[in-house]
Amino acid sequence: MLAPMSESSKSSLNELTDETLVELVQRGGAPAKASFQAQAAFAKLRERYNEQVVASAAQFGKTGAEDVAQEAWIKVWTKIADHFDGRNFRGWLFRLVKHEAINAYRLAQRKREQSISLDFESKGDGSASSLAILLERKEPLELCIAKLPERQQCIVRATLQQMKIAAAAEHCGITAAQASVAKHHAIKSLRACTTREGV
Amino acid sequence: MNLPALEIPEDDALLAPWLERQLVGMDLGDLATQLALWQEDAAPPDGSSLDVAIGDRLATVLEAGLCGLSVDDLRGLLARPGLLLELQARIFGEGGDYWRGVAISSEHRAAVQRVESAVSERLRERPTLPPVAEPVGNLRARWRVLPAIAAVLLLALGAWALRPGPVPAPGWGFDRPGLLTQQIPADQYLTMLSQAANQWFNKKPDSADSLRARLIQFRDGCDTLLAAPHAQLAAADKEWLLKRCRAWRDGIEIRLAELDAGEFDIAEVRRRADELVEKAVDALHQRAESLG
């Protein structure tokens, strides 16, 4: 754990670019002072980007996102000396986070499918893009929506097609007040269903 | 699961700030998935990107937020949710300070704190430092670091609590220093990778902890392999290698899951891991021979 820093030292670190901080991390080696520099610089990078790293880690769902973010930061720490080329730290960081998030999603998916055996030829071409995963995640949600009463389904579909409540009500043949109530109940039911289904 | 797509503001004036919060928040993936439910073209049909969808306003968006976009532009983004994920990636990778000032939810803030605590804890418990290496690239600018070092050394004055971490053992397997940067023909390169994978068999961990550590090291080596440029290989060989490497990595993850679940005894998990690595070694060797 880093010791408390003086205000002037904090300010000094604040003024450094990402790439300069990275150089300090990369220099972190055996000497005690160097290792302290590395940890201080790495803490500053986390302070700058942790909010965004956590958000990015959640792009395929919030379940497990914190683990993804944590693993990503540890990988940054262990890989930065050999695998960062000194240019555009942010780009490198968020590619790594995305890579972790995709791997975590695919692993969780396989566990759900109980596909424990590994077939080298047919599984895991690794080409799952963010968009492909986004589309895969639709299915359980569709199942939850299908379980809603008809009126609620209609309102949900209309809302997801970006109709405002008045237009959605007209589309579904009900009053705006009824539409609001139906939407409220639908949200409540969908939350419960998606939680049950582990979406 | 939150349902942000069902909570899009009715008032158009609130749409931009709401969407900005989504873009920096933890619910964007859920939002995109929900918006994609009844949209055939979650991605642009022509494969176009944000540069096409927003055009020359993208630079302004990255610098100053969504206020420069019309309601139609914003609705257009919501109509093609794949672009939302792309925009988030651009904001995080290239966005200006404006975006770091967009408020995040209390749930998000709590998650950030938990992640920071966990990472700090892990570094404190096992402060394996990154391997000592010459910084890659930008060597001409090394002199610029000197003032920074001086500044940071000030921190050390009050840093009695921090213990220096041990010097890490040299990496093995795909993490072996210098392995991936050798300028050698493709067949030799693959042969060396095969030999590197074979280092797995140098140890026979007999406890759960040591096997877990060994598996994690191999998995991290796969990550190293996935991130490397492999300039020694032709495109088709590189594609083959990355595909295989992902499968190996997944296999190791499954072995780790088996170990953690206690589904099999340690010897069985190790046998399965041995089998997996043996296939990896053979595959690399055969590919090398086919090129030789």
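Points worth noting:
- Positions within the stretch B:8-36 being surrounded by fewer than 19 Cβ atoms within 10 Å (Cβ to Cβ) and at pLDDT below 90, in sequence order: B:10
- Pair list, Cβ under 6 Å, 6 or more apart: the stretch B:270-286 residue in the same structural domain as residue B:199 (by TED's automatic domain parsing), other residue open to solvent by 30 Å² or more (accessible area, probe 1.4 Å): B:281/B:198; B:283/B:244
- Filtered by the rule that a residue be part of a helix (DSSP H, G or I) and open to solvent by 70 Å² or more (accessible area, probe 1.4 Å), the stretch A:154-176 gives A:157, A:170, A:171.
- Within the stretch A:75-97, if we keep just the residues that are in a helix (DSSP H, G or I) and open to solvent by 50 Å² or more (accessible area, probe 1.4 Å), the residue that is farthest from the other protein chains (Cβ to nearest Cβ) turns out to be A:95.
- Taken together, the residues in the stretch B:58-71 that are open to solvent by less than 20 Å² (accessible area, probe 1.4 Å), more than 20 Å from residue A:162 (Cα to Cα) and in a helix (DSSP H, G or I) amount to 3.
- The residues listed here are B:74, B:78, B:87; of these, the one that is under 25 Å from the mean Cα position of the chain (by Cα) and in a helix (DSSP H, G or I) is B:87.
- Residues being within 7 Å of chain A (Cβ to nearest Cβ) and open to solvent by 10 Å² or more (accessible area, probe 1.4 Å) - total across the stretch B:80-117: 8
Each row is one residue, and each column tells you yes or no for (1) without any contact (Cβ under 8 Å) to a residue 12 or more places away in the chain; (2) touching a Phe, Trp or Tyr at 6+ places or on another chain (Cβ under 8 Å); (3) farther than 30 Å from residue A:195 by Cα.
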position: B:10; (1), (2), (3): yes, no, no
position: B:15; (1), (2), (3): no, no, no
position: B:28; (1), (2), (3): no, no, no
position: B:55; (1), (2), (3): yes, no, yes
position: B:60; (1), (2), (3): yes, no, yes
position: B:72; (1), (2), (3): yes, no, yes
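- Long-range neighbours under 6 Å by Cβ, at least six apart or interchain, first residue among the small types (Gly, Ala, Ser) within the stretch A:173-197, second outside any loop (DSSP other than H, G, I, E, B) and open to solvent by 70 Å² or more (accessible area, probe 1.4 Å): A:182/A:151
- Among the residues of the stretch B:228-245, those that are open to solvent by 60 Å² or more (accessible area, probe 1.4 Å) and of a type outside the set (Asp, Glu) comprise B:229, B:231, B:235, B:236, B:238, B:243.
- Filtered by the rule that a residue be at pLDDT 85 or above and either in contact with a Gly (Cβ under 9 Å, 6 or more places away or on another chain) or not in a helix (DSSP H, G or I) (or both), the stretch B:191-207 gives B:196, B:197, B:200, B:205.
- Count - residues of the stretch A:52-74 that are in a helix (DSSP H, G or I), facing chain B (nearest Cβ under 7 Å) and open to solvent by less than 10 Å² (accessible area, probe 1.4 Å): 6
- Any hit, the stretch A:128-149, residues being more than 7 Å from chain B (Cβ to nearest Cβ) and at pLDDT below 50: yes
- When restricted to residues that are over 21 Å from residue A:75 (Cβ atoms) and not aromatic (Phe, Trp, Tyr), the stretch B:212-242 contains 9.
The values are calculated or read from the model by the stated rules, or taken from the named source; none is laboratory data. Quantities reported herein were computed from a predicted structural model and do not represent experimental measurements. Note that we place each Cβ from the backbone using ideal geometry, even for glycine, and neighbour counts take in every protein chain shown. Calculation scope for accessible area: heavy atoms of the full protein, side chains included, ligands and nucleic acids excluded. Shrake-Rupley method; radii C 1.70, N 1.55, O 1.52, S 1.80 Å.
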